[in-house]
Amino acid sequence: MSLGKDLVGLEPLSAEQIRLILDTAEPFKEVSERPIKKVPALRGKTIVNLFFEASTRTRISFEFAEKRLSADTVNVASAGSSVSKGETLVDTARNLEAMRIDMVVIRHGASGAAQFLGQRIRSNVINAGDGKHEHPTQGLLDMLTLRDRFKRIEGLKVAICGDILHSRVARSNIWGLLKLGAEVGVCGPASLLPRNVHELGVTVLPRIEDAIQWADALNVLRLQLERMQGGFLPSLREYNRVFGVTSDRLAKAPKDLLILHPGPMNRGVEIDSDVADGPHSVILPQVTNGVAIRMAVLYLLAGGSPDWAHQAGGAE
Amino acid sequence: MTMRPIFIRGGRVIDPSRGTDATGDLLLRNGKIEAQGPGLGRPDDAEIIEAAGRVVAPGLIDLHVHLREPGQEDVETVATGAMAAAAGGFSAVCAMPNTDPVTDNQAAVGFIVSQAQRAGKARVYPIGAISLGQQGQQLAEFGELVGAGAVAVSDDGKPVVSSHLMRTALEYARTFGIPVADHCEDPTLAAGGAMHEGLVSTRLGLKGVPAAAEEIMVARDIVLAELTGGHVHLCHMSTRGSVELIRRAKDKGLRVTAEACPHHFTLTHEAAEGYNTNAKMNPPLREPEDREAIRQGLRDGTIDVICTDHAPHHYDAKEREFDDAPNGIIGLETALGLGLTELVHGGLLDLPTLVARMSTMPAKIFRLPGGTLAPGSAGDVVIIDPDVPWTVDPMAFYSKSRNTPFGGRHLRGRADVTIVRGQVVFRRAG
């Protein structure tokens, strides 16, 4: 079993392919715990990190994953590049291809940009977030974090809370979790829920209190501050009062809820600091898992065998 | 100029304007229809076209095309558009005014008229702008536009946002007996939208345009038609709600007419899967229920005409991210084939009704020559092979552009010969 040429989203993947990535990530976790955090799995491979949108954590996470696999990497940000001179995505892609690269990691503001690129170049393409479509490695690292804590995904109830409408993280989590047999709830103001979202197979939870009663874990999305200008919400203050994940609200939960957040957080808006820093928060373990997931994806797309991942990862 | 008469022998002659559907002959002379009936005498000097097994009908008329001249001659010109029209069976097309500069004055209208005359293919009737520069502020000079040859006014490509401007346009147009054609779209609901708002837009993460964006403006225009007594023509209808609103308006006897495009009676929003930019147009492809409502509207006459909204774009304009690709597809060379395949062979319409939707009704609504085979009328005729199977090959189009979602599609039926002013302007080889 392989992943195919590109990773553009979790929707096109099978449950087996998703499990393969999660399982392959396990031995790579250990690499990052060593004093010398490097294995030779991708030695000689050239990878371009093509970031058309600002990103700190995802870009650095990919870069660490690439370097720890010994790949040669180049970072291209849109500002100051040919993109800012009006070059089209297809021309950028062809020029990269002409330099005989092996893989492209792309973050882009337009939904479908990763697929577009993948259909036009022979190199492997990894989607690091395309518009409002998908952010597959984020979905995978969230699932790895859930699996670490619960030892399973199947049967878990995961509520994704916040701006579902504009969230690529939400879409990747929905597809991935549903494929592995979890129940998925979405919770947010109706103005931030996409049309027909229930037809994806998720439960719509109208109030944050409903989500807290229902779920085993909350994945709290970042509220983009520009949504106020878009007329989707009246104010951050009201959002926190009505939809904020606070310790008062969590105290009424029938059980301890695991708290995830893809970052960067707006403390005091979608999540209160005492929750984010509290005992049930796995926000930092998510970041740690992000590197392992990205190492697994890079390794598998480069043709690495899952059977050799332990050796590649150097685990005993 | 003298020209040979044309004698079309033994075809199935369909003329919805007179309720004709019978085997017979048709004689054209001096640019006009001279006679029609069974067993006509053949003038010795006439060119004979054998039409046995084929349909002889008034030339098709498309009320809604974008020919891009002046301004974007790299993607289409009046001449190439008129040739593509002829190859699609159209003897006349109406060119929307969203050119660069905008067709909002008599000189601009006259330019299109003269380019069409030089091309000498399908007739091209300019549509003038409603507002200067299509800015939605100040009315264009309808009187001078009509004097120069405009057959209607429209700000197509953009909605008429101001209800006051739409009202005065409908009132003022009455003086000249022309319809006001409106692109119905509430700009605040449609802002930033790239496709229909529904399950597919949710999955693809694209901003959707709800059906309500169209229906709100359709409802407003109907109310204004009632207020003013003016003739509103509703462009490229795409939703079930619009069809219902128009049906009610017609029941009330209001002067409301409507058009729909082949892509809206053939495809749904699923066609945008994979971020296919050739399935991106405005209004967008909608849901199966909407497509069915458009089909039923065409059957019962709620939708009066089929138009193409022929919208050429350069291939690299469509070769980009879905959000950034322009709206629109070309349609002149596939419209008849899709109408025959989807509607006639699909069992929804009979052939005379398809001819009515593509010729007789468009002529009537915009008060154009043609749409009839009555003796003395314009010598505009199409000869259709209604059954021939063919495969859409965009590289074989006469249009300068190739942006169609129908490439590779198998269709049944197309135009073989198009005659304009008594002269053959297109004859399919082989």
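The values are calculated or read from the model by the stated rules, or taken from the named source; none is laboratory data. Bear in mind the structure is a predicted one, so any value in this text is a computation, not a measurement. We place every Cβ from the backbone using ideal geometry, glycine too, and count neighbours over all the protein chains shown.
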Tell me, please, whether a residue that is closer than 30 Å to B:Leu234 by Cβ and not in a strand (DSSP E or B) can be found in segment B:19-31. yes
Considering every residue within segment B:38-55, establish whether at least one is under 30 Å from B:Arg118 (Cα atoms), under 22 Å from the mean Cα position of the chain (by Cα) and either surrounded by 16 or more Cβ atoms within 10 Å (Cβ to Cβ) or not hydroxyl-bearing (Ser, Thr, Tyr) (or both). yes
If B:Leu204 meets every condition in (1) facing chain A (nearest Cβ under 9 Å); (2) in contact (Cβ under 8 Å) with a residue 40 or more places away in the chain; (3) more than 14 Å from B:Phe322 (Cα to Cα) apart from one, which number is that one? (3)
Given the structure, is B:Asp62 farther than 12 Å from B:Ile419 by Cα, in contact with a Ser or Thr (Cβ under 6 Å, 6 or more places away or on another chain) and either in the same structural domain as B:Ile330 (by TED's automatic domain parsing) or crowded, with 17+ Cβ neighbours inside 10 Å (or both)? yes
With respect to A:Leu223, determine if the residue is away from chain B (no Cβ under 14 Å), crowded, with 16+ Cβ neighbours inside 10 Å, modelled with pLDDT of 95 or more and out of contact with any strand residue (DSSP E or B) (no Cβ under 7 Å at 6 or more places or on another chain). no
Identify the single condition in (1) more than 14 Å from chain A (Cβ to nearest Cβ); (2) within 21 Å of B:Asp304 (Cβ to Cβ); (3) surrounded by fewer than 24 Cβ atoms within 10 Å (Cβ to Cβ) that B:Leu227 does not satisfy, given that it satisfies every other one. (2)
So if I check each of B:Ala79, B:Ala92, B:Ala84, which one is in the same structural domain as B:Pro262 (by TED's automatic domain parsing), closer than 17 Å to B:Met358 by Cα and out of contact with any His (no Cβ under 9 Å at 6 or more places or on another chain)? B:Ala92
Does B:Leu349 fit the bill of being in the same structural domain as B:Thr80 (by TED's automatic domain parsing), surrounded by fewer than 24 Cβ atoms within 10 Å (Cβ to Cβ) and farther than 13 Å from B:Leu60 by Cα? yes
Is there a residue being closer than 26 Å to B:Asp155 by Cα, part of a helix (DSSP H, G or I), more than 11 Å from chain A (Cβ to nearest Cβ) and under 21 Å from the mean Cα position of the chain (by Cα) anywhere in segment B:303-310? no
Scanning segment A:189-214 for residues that are away from every other protein chain (no Cβ under 14 Å) and not in a helix (DSSP H, G or I), which turns out surrounded by the fewest Cβ atoms within 10 Å (Cβ to Cβ)? A:Pro206
Being within 14 Å of chain B (Cβ to nearest Cβ), in a helix (DSSP H, G or I) and touching a residue at least 40 places away in the same chain (Cβ under 8 Å): is that true of A:Thr24 here? no
Top-ranked residue of segment B:232-275 - restricted to ones that are of a type in the set (Asp, Glu) and out of contact with any strand residue (DSSP E or B) (no Cβ under 8 Å at 6 or more places or on another chain), ranked as farthest from B:Glu197 (Cα to Cα): B:Asp251
Matching entry among A:Pro264, A:Pro234, A:Pro254, A:Pro279 (being assigned to a loop (DSSP other than H, G, I, E, B), surrounded by fewer than 17 Cβ atoms within 10 Å (Cβ to Cβ) and either under 20 Å from the mean Cα position of the chain (by Cα) or hydrophobic (A, V, I, L, M, F, W, C) (or both)): A:Pro264
Based on this model, can you work out whether B:Glu333 counts as within 14 Å of chain A (Cβ to nearest Cβ) and either farther than 18 Å from B:Ala84 by Cβ or crowded, with 21+ Cβ neighbours inside 10 Å (or both)? no
Within segment B:143-158, identify whether any single residue is assigned by TED's automatic domain parsing to the domain that holds B:Thr257, surrounded by fewer than 24 Cβ atoms within 10 Å (Cβ to Cβ) and part of a strand (DSSP E or B), and answer yes or no. no
Of the numbered conditions (1) over 30 Å from B:Gly413 (Cα atoms); (2) in a loop (DSSP other than H, G, I, E, B); (3) touching a helix residue (DSSP H, G or I) at 6+ places or on another chain (Cβ under 8 Å), B:Lys121 fails exactly one; give the number of that condition. (1)
Which one of these is among the hydrophobic types (A, V, I, L, M, F, W, C), more than 9 Å from every other protein chain (Cβ to nearest Cβ) and surrounded by 19 or more Cβ atoms within 10 Å (Cβ to Cβ): B:Ala219, B:Ala169, B:Ala191? B:Ala169
Pairs where the first residue, in segment A:193-204, is more than 16 Å from A:Val158 (Cβ to Cβ) and the second is crowded, with 16+ Cβ neighbours inside 10 Å and among the charged types (D, E, K, R), C-beta under 7 Å, 6+ apart: A:Arg195/B:Glu197
If B:Gly347 satisfies all but one of (1) touching a strand residue (DSSP E or B) at 6+ places or on another chain (Cβ under 8 Å); (2) without any contact (Cβ under 8 Å) to a residue 60 or more places away in the chain, what's the number of the condition it fails? (1)
Working only within segment B:388-430, note down all residues that are among the small types (Gly, Ala, Ser) and assigned to a loop (DSSP other than H, G, I, E, B). B:Ser399, B:Ser401, B:Gly407, B:Gly408, B:Gly422, B:Ala429, B:Gly430
